[in-house]
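The values are calculated or read from the model by the stated rules, or taken from the named source; none is laboratory data. These numbers were taken from a predicted model, which means no experiment stands behind them. Cβ placement follows ideal geometry from the backbone for every residue including glycine, while neighbour counts extend to all protein chains displayed.
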Amino acid sequence: MLRYSIKGVEDVFLIGTLTGMRPAEIFHMLVSWVDFRQNKIFVQASLCPHCRGGKWVPKTGHYRGIDIAPDLLPILRRLARKKADTARVSRISCTKERP
């Protein structure tokens, strides 16, 4: 089924499955969150033009680190390649409307 999905959706499912990240965390994930030296993803607040006040905040309101599974490393490297630290990892991003 994923073979016929929109390009990039498979990556979102794999990131979610291999990290346990919430969908909103994946959609807001920036390249700067991924630390390849420590093999961690650091979930933190980020700017978002679609979110209230122009800023997205994690559900818990706190910064957290998530270990990167070995199978996820090549996927994250591919997604982060040649992108600025402020760029989103996924091509699919938050589209919720401002209240």
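Some points to look at:
- Hits in region 51-79 - residues which are of a type outside the set (A, V, I, L, M, F, W, C), farther than 17 Å from residue 34 by Cα and touching a strand residue (DSSP E or B) at 6+ places or on another chain (Cβ under 7 Å): 54, 55
- Of the residues making up region 10-28, those that are part of a helix (DSSP H, G or I), out of contact with any Pro (no Cβ under 8 Å at 6 or more places or on another chain), crowded, with 18+ Cβ neighbours inside 10 Å and without any contact (Cβ under 8 Å) to a residue 60 or more places away in the chain are 18, 19.
- Across region 71-99, the qualifying residues are those that are of a type outside the set (A, V, I, L, M, F, W, C) and surrounded by 12 or more Cβ atoms within 10 Å (Cβ to Cβ), and the one among them that is modelled with the lowest pLDDT is 96.
- Of all residues making up region 25-54, the number that are modelled with pLDDT of 95 or more and at positive phi: 1
- Some residue of region 33-44 being in a helix (DSSP H, G or I) and surrounded by fewer than 17 Cβ atoms within 10 Å (Cβ to Cβ): no
- Yes/no for residue 66 being in a loop (DSSP other than H, G, I, E, B), of a type in the set (A, V, I, L, M, F, W, C) and either at pLDDT 95 or above or under 10 Å from the mean Cα position of the chain (by Cα) (or both): no
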